[in-house]
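The structure appears below as structure tokens.
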């Protein structure tokens, strides 16, 4: 990677993720081996020490995310990478990171669940777990790449959003994107925007309130920080019975993300203001939409799409725009309807929402299958 | 000692949460006295981590210091991240037996194996106190608890012996009936490197003593005194003789490479390799 020149690489998705983590300034990685995410741990174990960073394999996923949270409070940009089963184990600490406003990145390379499922095969079944996996009222930021290049870009973005909003960010990749190899052109690193958390001024004392996104000190700097996952006031002091303190805290934690949903939401769109049929897609499944749109065009059908790069907070405005134009919206997913209901909620009757689902064996939804669905829906 | 000393200089001005007679108060004050005797005017050289349970409240938020109050059982992972990123801070964990060797047991063993440079002070009250007195992995055999109304049918875990086996640099156990020994041990441990574990067997008159047949904290302390066996003496006793006894003393003190040493040595080697080979 070069500071001044753009370079082209032939990378595996997980390799792009590891490279991007280093570029984003990640200095701490803790993880536990799991297919199909292990390459990220292996590559960061090689790369991070060379930059003075730490990579450590922990005893399980609970310890991995726990160490990531600790490292973040010690001032390091930190990350873990896992897949479905490990992601399930991490949920409690993801809630803790949200409650304590601890920036960190959790990469979930999705595989086929539930449970051990088909461990080496691709799936998109963790969409709602990313949104609602931990207990309590929670707002997640979740990003979903559909190419190796984008896995690089969204890894950087995940760190930037985590640091900017002081919150855990989930990078929801999938086995196909993580294991495929393709070309990635990386901008000169000096052109890549890197965001770092805002540090407090020397005499500041409120690290958990007063402002929408409070400044974050590190331990060992003399601030006497009290970090707790219990309900706390602006100064980190526990208030475990006061209704007002809880409302104030949890409403702010949610609104600091929801109020910026439009800013966070990133999509790729095509023809959303001029189409009969719309598609809302994300991750590896969305690789089929380009060809399907072309196929439909040759048959005289205008198809538009919204490709979600940000899944949570859900890009409501853009999907609503599509729903106002298109008569029908198809939601292809490698799960049994997860984004589908979200689209239906946003469309709110202004477009018919149809699902195209496929699970098992890691088989992708092909452009042909999607084309067929488009043509069939145009007929009815 | 004639000097007047108050632990208040290390504390936030907040009411303490402990029940009357709770042993956590002894552990808290002996720790702070140890810190004072080592010459620390404040706690700025320390970072405290704790999990969930009564003794997790010893440092958080009461100590005027950095404290990271984690989830149940996860203080050691958080401490791992903190210590590796900031090797110069003194990381101390307070936790109960349920937190450290119940739900968090795996982290405890692995931190000792890695010889992670932290001090873990486990307040072993032999019960899940905060949740109302349920059986713990450390509850003595046959003790009545809310979830063992006919008496515990499980053998308790010897956390100190386990820490030795797993690789800790320093391991000691004292009871709250021996505050001086406890304090001296804390002072010693604070000056050593690697994984240091001090178990303070402690009374919980509210959630344990009451059901186990003790009328108050004083009676529990007398029970500790009558049932402690020095480590050296215990070596010649059978497992049966030691049932419901508390072995106290220093279980080990040894030098092993610590995680911070091995990690940073590896990092230096990796950096040197980059300089030699290029990246």
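The values are calculated or read from the model by the stated rules, or taken from the named source; none is laboratory data. None of these values were measured; they are calculated from a predicted model. Don't worry about glycine lacking a Cβ; one is built from the backbone with ideal geometry, like all the others, and counts go over all protein chains shown.
Scan region B:237-260 residue by residue and report those that are surrounded by fewer than 18 Cβ atoms within 10 Å (Cβ to Cβ) and touching a residue at least 60 places away in the same chain (Cβ under 8 Å).
B:243, B:244, B:252, B:253, B:254, B:255, B:256, B:257
Does region B:106-129 contain any residue that is crowded, with 19+ Cβ neighbours inside 10 Å, over 15 Å from the mean Cα position of the chain (by Cα) and part of a loop (DSSP other than H, G, I, E, B)?
Yes, region B:106-129 contains a residue that is crowded, with 19+ Cβ neighbours inside 10 Å, over 15 Å from the mean Cα position of the chain (by Cα) and part of a loop (DSSP other than H, G, I, E, B).
How many of the residues making up region B:147-181 are surrounded by fewer than 16 Cβ atoms within 10 Å (Cβ to Cβ) and in contact with a strand residue (DSSP E or B) (Cβ under 6 Å, 6 or more places away or on another chain)?
The qualifying residues number 1.
What are the pairs, 6+ residues apart or on separate chains, where a residue within region A:130-142 that is assigned by TED's automatic domain parsing to the domain that holds residue A:107 has its Cβ under 6 Å from a residue that is surrounded by 20 or more Cβ atoms within 10 Å (Cβ to Cβ) and part of a loop (DSSP other than H, G, I, E, B)?
A:130/A:140; A:131/A:140
Yes or no, residue by residue, for (1) more than 23 Å from residue B:185 (Cα to Cα); (2) at the interface with chain A (Cβ under 8 Å from one of its Cβ atoms); (3) in a strand (DSSP E or B); (4) in contact with a strand residue (DSSP E or B) (Cβ under 9 Å, 6 or more places away or on another chain):
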{"site": "B:77", "(1), (2), (3), (4)": "yes, yes, no, yes"}
{"site": "B:82", "(1), (2), (3), (4)": "yes, yes, no, yes"}
{"site": "B:132", "(1), (2), (3), (4)": "yes, no, no, no"}
{"site": "B:139", "(1), (2), (3), (4)": "yes, no, no, yes"}
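Looking at residue A:72 and the list (1) over 30 Å from residue B:275 (Cβ atoms); (2) facing chain B (nearest Cβ under 10 Å); (3) in contact (Cβ under 8 Å) with a residue 40 or more places away in the chain, which single condition is not satisfied?
In the conditions (1) over 30 Å from residue B:275 (Cβ atoms); (2) facing chain B (nearest Cβ under 10 Å); (3) in contact (Cβ under 8 Å) with a residue 40 or more places away in the chain, residue A:72 misses (1) alone.
So how many residues does region A:192-235 have that are farther than 17 Å from residue B:65 by Cβ and crowded, with 16+ Cβ neighbours inside 10 Å?
13
For region A:52-69, how many residues meet the condition of being at the interface with chain B (Cβ under 7 Å from one of its Cβ atoms), over 10 Å from residue A:104 (Cα atoms) and assigned to a helix (DSSP H, G or I)?
4
Restricting to region A:326-341, count the residues that are in contact with a helix residue (DSSP H, G or I) (Cβ under 8 Å, 6 or more places away or on another chain) and not in a loop (DSSP other than H, G, I, E, B).
7
Can you find a residue in region A:198-210 that is at pLDDT 95 or above, touching a helix residue (DSSP H, G or I) at 6+ places or on another chain (Cβ under 6 Å) and assigned to a loop (DSSP other than H, G, I, E, B)?
no
Residues in region A:354-364: is at least one surrounded by fewer than 22 Cβ atoms within 10 Å (Cβ to Cβ), without any contact (Cβ under 8 Å) to a residue 60 or more places away in the chain and farther than 26 Å from residue A:176 by Cβ?
no
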